[in-house]
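A quick write-up on the structure given underneath.
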Amino acid sequence: MNLSLRDIEYFLAAVEHGNLDRAASACGVSQPALSKSLQRLEADTGLALLDRSGRGLRLTSAGMVFLEHAKKLWAEYRDAVRHAMELRVGEAGLLRVGATGATVDSIVMPALGLLLPRRPALRIQLTQGLSDDLNEQVAGGKLDLAVTPIYADVPAALHQEPILEDRLCVAASRNHALAARRKLSLHDLQGQRWILPKPTAIARKALDACYAEAGLTLPAAALEVEHFSKGTLELLARSDLLAIVPQSALLADRDIAVLPLALGKPLQRRIALISRHATTWSPLMTEFRGAILDSARQA
């Protein structure tokens, strides 16, 4: 067997695009050249990796297994090339970082504020997205690291390093009638309208679980958001809505009050630094990790 990294690249492109013409265009080669590459890869492995019947391309069962190995091989190759470039130009280089809406301003930007002055030649490619998408990009080698809320089920190729525990609180405008109360229970919140994360979000699931345990109707979302942006918090401060908000998102906002809600257990979410298992850490990645930990301690 004499596998070619170029053949691996073309195979991954074919899987990503599901079409030979689009994959060939993305790789900058002709469609016949890409087809020959795939045939050569199947001959080298002795496996039928792609089903070409019908429209588009589909992975065979053997192709699905081979895909995971191909992703690891391609990611490690790209890591090796980039690390070699870092060595060649000294300590300068490129770092590809992912962040969610919940972590970009509160953790990642403060960390970059610590890191960038130390490395004048450092270049950062910052990708903002949802946790699941960022996890896949780290697993596939498109990102070096990501800072995301922790989810229970992540790709097996990933390592999660908890860096921060963030308390979740129920908040409202300081002018809200409930903000003047000294103590509240979930029963007191019945009939209120909410700004809530999407149903799959950790904070939403935690709040729904509290309502379910109390035998109450789940809170009604007047607005569902990916994360609590500055504009979302301004809306909360000007309205009669409630929200389940990470404590770090509120900071010193004087127009929003944390409601004194009595719950059986505190609501928490954890933030983690996501990396690939067995990845070779570059000096830049290590220094970014240190900056993230420093930033989390100050949050």
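Tabulated results
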{"read-out": "Computed [θ] at 222 nm, deg cm²/dmol, the chain (DSSP H ≥ 4; -39,500 (n - 2.57); rounded to nearest 500)", "value": "-12500 deg cm²/dmol"}
{"read-out": "Net charge dipole size for the range 99-180 [Lys, Arg +1 and Asp, Glu -1 on Cβ; Debye, nearest 20]", "value": "440"}
{"read-out": "Descending semi-axes in whole angstrom, ellipsoid equivalent of the range 131-172, from the Cα gyration tensor", "value": "24, 11, 10"}
{"read-out": "Normalised contact order of the chain, rounded percent, pairs of Cα under 8 Å and 6 or more residues apart", "value": "21"}
{"read-out": "Nonlocal amide H pairs with LEU50, under 5 Å, H built at 1.01 Å", "value": "THR60"}
{"read-out": "Debye, to nearest 20: dipole size of the chain, +1 on Lys, Arg Cβ, -1 on Asp, Glu Cβ", "value": "400"}
{"read-out": "Dipole-positive endmost among SER25, PRO219, ALA156 within the chain (Cβ charges, Cα centre)", "value": "PRO219"}
{"read-out": "Quotient of Cα Rg and 2.2 N^0.38 Å for the chain, N being how many residues it contains", "value": "1.24"}
{"read-out": "Equivalent ellipsoid dimensions for the range 1-78 as semi-axes, Å, which come from the Cα gyration tensor, largest first", "value": "17, 15, 12"}
{"read-out": "C-alpha center-to-center spacing [the range 104-166, the range 173-247] in angstrom", "value": "27"}
{"read-out": "Surface accessible to a 1.4 Å probe, per residue, for the residues of the chain, Å²", "value": "52"}
{"read-out": "Residues VAL65 and TRP281, FRET efficiency given R0 of 30 Å [Cβ-Cβ distance, rounded to 0.05]", "value": "0.60"}
{"read-out": "Sulfur and carbon atoms: percent of accessible area, the chain [1.4 Å]", "value": "52"}
{"read-out": "Residues whose placed amide H lies under 5 Å from that of HIS159, excluding near-sequence neighbours", "value": "SER275, ARG276, HIS277"}
{"read-out": "Cα-based helix-to-principal-axis angle, 61-88 vs the chain, degrees rounded to 10", "value": "90"}
{"read-out": "Tally of Lys pairs whose C-alpha atoms are under 25 Å apart, taken over the chain, 8 or more apart or cross-chain", "value": "10"}
{"read-out": "Cut-off 11 Å between beta-carbons: net charge of the residues surrounding PRO219, Lys and Arg +1, Asp and Glu -1", "value": "+1"}
{"read-out": "By average C-beta atoms within 10 angstrom, highest first, the peptides 131-139, 45-53, 5-13", "value": "131-139, 5-13, 45-53"}
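The values are calculated or read from the model by the stated rules, or taken from the named source; none is laboratory data. Nothing here was measured: the structure is a model prediction, and the numbers come from that model. Quick reminder, even Gly has a Cβ in these numbers, built from the backbone with ideal geometry, and neighbours come from all protein chains shown. In case anyone asks, the SASA skips ligands and DNA or RNA and just uses the protein heavy atoms, side chains included. Shrake-Rupley method; radii C 1.70, N 1.55, O 1.52, S 1.80 Å.
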